[in-house]
Structure formats: C-alpha cells, structure tokens
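A.B. asks: Sending over a structure as structure tokens; questions will come in a sec.
The values are calculated or read from the model by the stated rules, or taken from the named source; none is laboratory data. Owing to the predicted nature of the structure, the values given are computational and were not obtained by experimental measurement. Note that we place each Cβ from the backbone using ideal geometry, even for glycine, and neighbour counts take in every protein chain shown. Surface accessibility is based on the protein's heavy atoms, side chains included, excluding ligands, DNA and RNA. Shrake-Rupley method; radii C 1.70, N 1.55, O 1.52, S 1.80 Å.
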Amino acid sequence: MAKDAGVSIATVSCCLSGSRYVKPETRTKIMDSIEKLKYIPNASARDLRSTSTNRIGVVLTDIDNIYHTEIFKGISASLQRKGYTINVAFSNSLPDIERKKIEDFISQNVSGLILITCQPQNTDFFVNRIRNFGIPTVFLERRPDNLDVNFLGFDNYRTVYSITKTLLENGNRQIALFTGNPAFSSESDCIRGYEDAFRHFNLPLDSALVYETNMSKEDAFKVSMSNLCGQPADAIVATSENIAFGVLETLHVLGQKVPEDVQLITLSEESWNSSTKYPGMLHTSRTAFTLGKKAAELLEENIKNPALFEKKTCLLTDQVPKITAVPPVHTASAQTGSISSDKEGLRILMVDLATSHSTKLLSTSFTRETGIPIEFEFVRQSELLKRISQDVDRSENYFDIYMYDIPWLDYLVQNGLLLDITDFVQSDSFHSENVFEENLENCRHGQSYYGIPIIGGAQIMFYRQDLFENRDIAKAFKKQYQISLRPPKTWTEFNGIAQFFTRKYNPDSPTEFGTSLAGSMDEELAPELLIRLWSNGGKIWDKHFNVCLDTPENAKAFRSILDTLKYTPGSPFETDIQQTVSDFASGKTAMLVTYTEYASEISSYIHKNTIGRVGYRTLPGNSPASIGWNFGLNPFTTRTDAAFRYFQWLCRPKTSYYMTILNGQSPVIAPYHSHELIKLYPWLEYTEESFRYTRKRSMPYRSKSLCIPQNKIERILCSVLKDILQNNHSVEQALASAQTEMELLFKSYGYPKPLHFIK
C-alpha cells in the first residue's frame, strides 16, 4: 500500500494512527490506495498500537439549521462531561466536502463519528472509509443505502401519516407536501406516510401535490410560488421549519391567511418559547436535543466494544399537534391572492422567459396592495420587436408596457415606439439609487430615459470546482502545462483547460468535453463572438463609423473561438443555450460561459444529483456582454400613473429579493449585498463584479441619422464563423467578405460620416 501511494510505511502508519501530522495531499494518496487495494485495517490491532484520542468527529450539513444545532447541543451535553473532545465540521450539503471532512477526522484518529450525511447513496465510500477502518459511527436522520449501521432518527413516516390522515378525516383533499430530497430516508419516509394515508381511505393520490425542495426557505419559497398559484392547496405539510417559512412567505405574497385560507403544519423542534412560532401554523415537537444525546450514548457504547458491537436502530416519536377542522376555502380570492377592482388595469407585453413568468407571479402581490390588475402576454423573442411596432401603429393600442432587449433601445426611440420617462426616473419617488447604474444606463438614449431595467445581469463563467480542486487532476494538468490548474483568466488559458477536460485529447478526463457553445440563433452566437473580439482589442466599427471587421485583432479572436470548438460536443449552429446548460449541469462539460439567469438552474441540478460542486468567476479577458431587459411605456398609453406606481414597486428592495430567489436577475442593488442570499447564490458577487467590465451590444448611432437594426449587424458578424465552418474559407477570407457586406450595410443607412459620435 505504501508503495502504491508513493510514501513510506512510517507515513502510512502515522496517517492511520494520527500520531503526527500528515499533509492533506499525502493523506488523500494513502486513502485512495487503501480504497483501490481494498485494504482493511485491523481495528483491534490499531487499538493496541495507538492511544485513544478521546476525540469525536461530528459532521453536520448546515451551520444555520436550528434543528441540527439542537442535535449538536445534545451530543455536546452528553459527551463533554465524560471527557470527550468534540470537533464539528459542516459539509454545506456538498458530497466532496463531506468526504474530505470524514477523511480528516479519520487521519486524526478520532474515537468515533456522528454524521448527518448528504450522500446516503455513496455506500462504497462509507464501507471503504469508515467500516473497513473499524471506526464506531452513528448516522442521524439519513440512513446510508444497503449498509448495516448505527442509526437514529425520528419516525417521520408515522408523523406525516398521522397528520395527513387527520386532515383527510377533516375533509381536506388538496393537501400539499413540501419535502427535501427523496434520496434521504428522512424525506422518503415522509412521502410514504403521506401516500399511505391517502391509500388508507382509498382516495386518489395526486403526485403533483408533492413538491421537492433543497430544504432552504429560499428554495421552498421558489417552489411554492411557482406551483401554488396553478395548483392551490387547502392544507400544506412541510417536513422542516425552513421549508415551512419559505411556504409561509409565498402565502403572504398571495394574500392567503393561515389557517383561515390554508392550514400549514410543519415538523418542528421542541421549544418552551412559543412566542417564536408563527400564529396559526401548527408545529410538531421533535426533541432534537434528545436525539443528539441518544446518539452520543449509542456512540459511546460502540466505542467501548468496537469489534463485536451489534448495530442498533432507534426511531424517536414526534408529539403531533391537535389538528382541528378548518373549512376548506375555494374562492378565487383565497386561492390566487387576487382581489376584485374597479380600477383600470395595466397590460404588459413580455418575452417568454423564466424571469418574465416570475414577474407575473409576484405581480399578484402588487395587485393585492394597489387594486390595479395586470394582464400579461408572452411572445417569443424573435416576435417581440415586431409586436411592439404593430401595437404602437394600431389606432387603439392594446398594451401599456413593453419589455425590450437592451440593443433595441436606439431603434425603438428613433421610430417613436417608446415614451420619454426622464422626469419620472429622475424624481425622488423612483429612488434610482436603488438600481445599478450600469443597468439604468441601458435605459438611456442620449440624455433621456426610456424605461427602467427589469432584468440586469452579465455573462459569467461556470466551472466544476470539485474537479479543479481534485489533487490528481491538478497534478496531471500541471505536468502537462507546467502551471497550476485554476479558473482561466485569458481565452488562451480557457482553451488549454478545455482541451485538458476533453476526452478525445485526454483519455483520463472526468468529463467528455471541456466546454460547449451556443449558436443556434444569431442572438445566442453574437455575444460569444463579441466577448472574444473585445478581449482581443477588436471591434466592428470605429469612432468615425468606419467598418473595421477585417483586422488582425478580430482574426485572432476568431482563431480563438475555432480552437474552442474543438472541445465542444457538437456544431454551435445546432446547439442552443439550454443545451449548453444541460451539458454542464449533467457533468458532460467542465466549463461554461453563459448568463447568470441560468445559475440557479445549474446549481440546483448538480446539488440534487450530487454530481459535484460549481464554481463561478468573471469571464476570461474581463469583457462580458451586458445583458438584460427593460420595461418601457407605449407612447400613447393613458395609464402612466399606474405604470409608474408599478415601476416603483418593481424596483423596491423587497420585490428584488423575491425576484432574485425566483431565478430573476434583479437590477436592484439590495440582493447583491445580502449575506444570506450570497451564501445561497454565490454567483451574485461575481455578477456585480462583472458589471465593472461589461460592454453594451450597441449599434451605430448619431442624431438625425437612421439606426442600423442590431440584428442586421449581428447577422453579418455571425456569418464570418458560418463562412469558415460551412464554406471552408480561411479566417482572412471570411473577414474580408464580411467587411465588404458590412460596409454596404453601413452605407445604406448613411454611415460613415465624420459627425459627432454618440455610443
């Protein structure tokens, strides 16, 4: 084993006994060799050679979870008075972090372990790292798959079965269950109890009413907000207080009262301080402190008899509250949170994006607060600009508010399709200081403002942090490139790392491809090209509006992207953004450049499927494209007062927190400075950092001249790559051809002329 790990026998001995410090990277080598060679240390011999450390390792998932805090208090109260030293670590629900913490404890020769695992399915790891080392261990709450272990938890099956059965007896039928990952036995037991209660009464079971969350209140808010509007419930059961608080916030936004409109029951912790409980919400009483205390007692039993100890399972019971019958409310106002109003409403035309639908969901709260109803219509991005033009040209305009893409602003203003709202934006009532200056700048044409930002963000880079921090992978990379593996700072580094993580060029790569690139539409491909042009000092036109596509800087940028394409799954022209997100989230690729709007989707998928960890960084070259959407007013609307009130509501901090949680890229500053949200959504800080470097996808503009539509410019830019890949032209040939076509386009719109330049 020592030979396989490349270390001395003495180093192996020190690692296993904990008699002296061993470097983390050396310890990892030894642990990997033990697992590979199926080495099983003799626990009895180990005990004879080493002195007991009297140290206990405790691994919990989250420092902010009150339930886990109470468990730890119970562990500490039992063990410390018996002379044990307790070392606690937190995995943050990340499997690779949990594995490292366990290995650290093993190398410290702890006397025993108490774990709440985030990877119960990883049986091989627990066999090789814990059972084969003969380390007394107690698992709490989440039982490892197919493994005989000491296990303590609460009888969640019995508790949820009892709650659901009582609700059904009381006449409730639309009973929603909000739970955590069903891969955890604590959560799967809740689901079984819920389902069996329906079966007990031979009632149809609606699986659509079982909602999975990541057990944070933010995700519970997101899941419940996205579902309860479409499928209202008259009773809700939550498997933790964190989940219950997220659901409660949704009910508040929807204007539903607990328990008058909906009953909310949660599994909770025992507490004498009932004033901390939300009025109307029912709580079970789990003695988490007792669970921790009993876990400590069981571990001590196992420590005293490590070799022949018979593993034990113990399930504690909750005290279930008395659930009285509350007549289910099925009125439209209770279920949707909307109210009747005689006020004339607003009509909004939006692009069909996830954030747009989140805006619609939250706007029910605006209607409830103001009595102003809002009607939404969603269209595809390719149709939106045309629909705006058609609506303004109608004798009777239908929409009051238009959502528009940043590059369209000059065209919309020049064609009289937006209302100048400068007075409102600069008034004290709007509070423009709440909004990022960069996002508000995207609404300015000349010296006037023609809207407010509704979505503000930037491109950032996502990468598999667990792979980048893997010792063996980092060692192999350094051997090949003579530099350390790190998130790339230049596009040259990006391509080198992409090659390393592409199996065609590196058979040992843990991912099939290094990256992926979207280009199924010009709107997707153009930003990918622009960020490389900008970082290489390239441009499309100069300050005098002379076309300058055919330059050495642009040629270098296109060669860079051609290099990138060697390490992608397929043709960019057949790949859309959603596919690139899916490739990265599923573990097919190691890096991804995309928009912050997809960060939550990526993080949730990887967390749920325990694939690894995601890292976030600003783009190589520090030249991201500014992305976002604005709200502007129809120049002929008669509802400006209502629209301005709506704009004020959208840009207040409270609304921006909701938008951020619901996948929105809020242009309001507040969420980016919330420590609570940054912990859950770490990409926020990189988004704000990217704002310092962003560049706008603008079009040539000068007063008294026509604007060239952005799509025409970007079509020619994208044709360069298509000419190279589809017609086998060289980079120089493709750029020369595009130069000629772009010059003709500029000339047809009256450019260039050496007049005052505004951009």
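A.B. asks: With a sphere of radius 12 Å drawn around the Cβ of SER382, what net charge do the other residues whose Cβ falls strictly inside it have (Lys, Arg +1; Asp, Glu -1)?
C.D. replies: -3
A.B. asks: Between PHE201 and THR422, what is the spin-label point distance in nm, taking each point 7 Å from the Cα along the Cα→C-beta axis?
C.D. replies: 6.5 nm
A.B. asks: Something else: Taking amide H positions as placed in the peptide plane 1.01 Å from N, state which residues far from LEU346 in sequence (5 or more) or on other chains have amide H under 5 Å from it.
C.D. replies: Here the answer is ILE374, GLU375, since their amide H atoms fall under 5 Å of that of LEU346.
A.B. asks: While we're looking at this one, here's another question. Please find the FRET efficiency linking SER748 to ARG559, where r is the Cβ-Cβ separation and R0 is fixed at 45 Å, and quote it to the nearest 0.05.
C.D. replies: Details: r = 30 Å, r/R0 = 0.67.
In this case the efficiency is close to 0.90.
A.B. asks: Based on the alpha-carbon gyration tensor of region 206-266 and its eigenvalue square roots a ≥ b ≥ c, which shape applies: rounded if a/c is under 1.5, prolate if not and a/b is larger than b/c, or oblate?
C.D. replies: Since a/c stays below 1.5, the shape of region 206-266 is classed as rounded.
A.B. asks: Between ILE63 and ARG380, take the C-beta separation as r, use R0 = 45 Å, and let me know the FRET efficiency to the nearest 0.05.
C.D. replies: The value I calculate is 0.50.
A.B. asks: Please name which of LEU353, GLY537, CYS14 has its Cα lying farthest along the dipole of the chain towards the positive end, using unit charges on Cβ (Lys, Arg +1; Asp, Glu -1) and the Cα centre as origin.
C.D. replies: The one lying farthest along the dipole's positive direction is CYS14.
A.B. asks: Among SER93, ALA238, GLN739, pick out the residue whose Cα is farthest towards the positive end of the charge dipole of the chain, where Lys and Arg carry +1 and Asp and Glu carry -1 on C-beta, about the Cα centre.
C.D. replies: Checked the options; the winner is SER93.
A.B. asks: Next up: Quick one: go through region 693-720 and flag any residue whose amide nitrogen is under 20 Å from the point 7 Å out along the Cα-to-Cβ line of PHE573.
C.D. replies: The answer is 711-720, whose backbone nitrogens lie closer than 20 Å to the label point.
A.B. asks: So, one more: Divide by every residue of the chain the summed helix terms, -39500 (n - 2.57) for each DSSP H run of at least 4, and state the resulting mean residue ellipticity at 222 nm, rounded to the nearest 500 deg cm²/dmol.
C.D. replies: -13000 deg cm²/dmol
A.B. asks: Once a ≥ b ≥ c are taken as the square roots of the eigenvalues of the Cα gyration tensor of the chain, is the result rounded (a/c under 1.5), prolate (a/b larger than b/c) or oblate (a/b not larger than b/c)?
C.D. replies: It comes out oblate by the Cα gyration axes.
A.B. asks: Which pairs, out of LYS217/LYS489; LYS489/LYS566; LYS73/LYS312; LYS73/LYS679; LYS608/LYS722; LYS489/LYS654, put more than 30 Å between their alpha-carbon atoms?
C.D. replies: Pairs exceeding the cut-off: LYS217/LYS489; LYS608/LYS722; LYS489/LYS654.
A.B. asks: Suppose we keep just the DSSP beta bridges with both residues in the chain; what percent of those would be antiparallel, to 5?
C.D. replies: Given both bridge residues lie in the chain, the antiparallel proportion sits at roughly 35 percent.
A.B. asks: Shifting gears a bit: Is region 182-315 rounded, prolate or oblate when judged by the Cα gyration tensor, a ≥ b ≥ c being the square roots of its eigenvalues, rounded requiring a/c under 1.5 and prolate requiring a/b larger than b/c?
C.D. replies: prolate
A.B. asks: Under the 0.36 nm per residue contour assumption, what length would be gained going from the current alpha-carbon distance of GLN319 and LYS73 to full extension? Walk me through the numbers before you get to the answer.
C.D. replies: Values: separation 246, 0.36 × 246 = 88.56 nm, distance 2.02 nm.
Gain on extension, GLN319 to LYS73, equals 86.5 nm.
A.B. asks: Report Rg(Cα)/(2.2 N^0.38 Å) for region 679-723, keeping two decimals.
C.D. replies: With N residues counted in region 679-723, Rg over 2.2 N^0.38 Å equals 1.79.
A.B. asks: Amide H of LEU485 versus every other amide H placed in the peptide plane: which residues, excluding those fewer than 5 positions away on the same chain, fall under 5 Å?
C.D. replies: The list, which skips near neighbours in sequence, is LYS478.
A.B. asks: Just to verify a number: FRET efficiency for GLN121 and LYS712, C-beta to C-beta distance, R0 = 56 Å, to 0.05? Mind dumping the intermediate values first?
C.D. replies: Working: r = 53 Å, r/R0 = 0.94.
So the FRET efficiency works out to roughly 0.60.
A.B. asks: What is the spread of the Cα atoms of region 479-572 along each of their three principal axes, largest first, in whole Å?
C.D. replies: Sorted from largest, the Cα extents of region 479-572 read 51, 31, 18 Å.
A.B. asks: Taking H placed 1.01 Å from N in the peptide plane, check which residues at least 5 places from THR313 or on another chain put their amide H under 5 Å from its amide H.
C.D. replies: PHE151
A.B. asks: Sort out for me the Cα centre separation of region 596-624 from region 436-511, rounded to whole Å.
C.D. replies: 9 Å
A.B. asks: May I ask for the distance between the Cα centers of region 107-143 and region 212-251, given as a whole number of Å?
C.D. replies: Using only Cα atoms to place each centre, the spacing works out to 32 Å.
A.B. asks: Using 7 Å Cα-to-Cβ label points, what is the SER705/ARG173 separation (nm, one decimal)?
C.D. replies: Distance between label points: 6.8 nm.
A.B. asks: I'd like the accessible area for LYS608: 1.4 Å probe, protein heavy atoms, all chains in place, Å² to the nearest 10.
C.D. replies: 110 Å²
A.B. asks: Suppose we flag GluC sites (Glu not before Pro) only when DSSP calls them loop and at most 12 other Cβ atoms lie within 10 Å. Which is the longest uninterrupted stretch of the chain? All intermediate terms of the calculation are to be shown ahead of the outcome.
C.D. replies: Details: sites that count: GLU260, GLU310, GLU344, GLU396.
Answer from the scan: 397-759.
A.B. asks: If we count every other residue with Cβ under 13 angstrom of ILE483's Cβ, Lys/Arg +1 and Asp/Glu -1, where does the sum land?
C.D. replies: For residues surrounding ILE483, the net value is +4.
A.B. asks: While we're here: Once the piece of chain linking ARG652 and PHE309 is laid out straight, how much longer is it, given 0.36 nm per residue of separation minus the C-alpha distance between them?
C.D. replies: 117.5 nm
A.B. asks: I would also like to ask the following. What number comes out for accessible area per residue over the chain if the probe is 1.4 Å? Units Å², please.
C.D. replies: Computed with neighbouring chains in place, this is 42 Å² per residue.
A.B. asks: Okay, moving on. Where the only charges are on Cβ atoms (+1 Lys, Arg; -1 Asp, Glu), what is the dipole of the chain about its Cα centre, to the nearest 20 debye?
C.D. replies: In total the dipole reaches around 2380 debye.
A.B. asks: Calculate how large, on average over all directions, the projected area of the Cα convex hull of region 154-229 is; give the answer in nm² to one decimal.
C.D. replies: Values: hull surface 20.4 nm².
Approximately 5.1 nm², given one-decimal rounding.
A.B. asks: Going 7 Å from the Cα of THR640 toward and past its Cβ, which residues in region 389-422 have a backbone nitrogen under 11 Å from where you end up?
C.D. replies: Only 419-422 pass the distance filter.
A.B. asks: Considering only protein heavy atoms and a 1.4 Å probe, what is the carbon-and-sulfur percentage of the accessible area of the chain?
C.D. replies: On the way: 15680 of 32130 Å².
Carbon and sulfur: 49 percent of the exposed surface of the chain.
A.B. asks: Using 0.36 nm times the number of residues separating SER285 and ALA89, minus their current alpha carbon distance, what extension gain do you get?
C.D. replies: Numbers: separation 196, 0.36 × 196 = 70.56 nm, distance 2.63 nm.
Value of the extension gain: 67.9 nm.
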